[in-house]
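The values are calculated or read from the model by the stated rules, or taken from the named source; none is laboratory data. Values in this document were obtained by computation on a predicted structure and should not be read as measured data. All Cβ positions, even for glycine, are placed from backbone atoms using ideal geometry, and neighbour counts span all protein chains on display.
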Amino acid sequence: MIANLAAQFRAHPIATALELGSVLVCFLLFVGTLVLLSSGAPTGRGEPWLALIGIGAAFVVFWTALVPLYERTM
C-alpha cells in the first residue's frame, strides 16, 4: 500500500497531496466535531464551533471553486 501511494505521488504529486490533505482535513473535522459535541452545547459566542464551521466551509470552497479552476489551467 505504501509503495502504491509513493508511486502515485511520483506520477501525480499535486493530486496526491490534495487527496491526502483532504483525508486529513476530513478526519480532523470529524474528531473536532466529536470533541465539541462531548463538551456540551456552546455557551456564549461559541468560538470553537465557529472555527470548526469556518474550516469546513473553507474546505468546501476549496474543492468546489479552487480545484476546478486549477484543473482548467492544466
Kindly check whether there is at least one residue in region 23-45 that is surrounded by 12 or more Cβ atoms within 10 Å (Cβ to Cβ), out of contact with any helix residue (DSSP H, G or I) (no Cβ under 7 Å at 6 or more places or on another chain) and on the phi > 0 side of the Ramachandran plot.
no
Note on region 48-74: residues modelled with pLDDT under 90 and either more than 30 Å from Phe9 (Cβ to Cβ) or among the hydroxyl-bearing types (Ser, Thr, Tyr) (or both) are Thr64, Tyr70, Thr73
Hey, can you tell me all the residues within region 50-64 that are free of Cβ contacts under 8 Å to residues at least 24 places away in the same chain and under 23 Å from Val23 (Cβ atoms)?
Ala51, Leu52, Ile53, Gly54, Ala57, Ala58, Val60, Val61, Phe62, Thr64
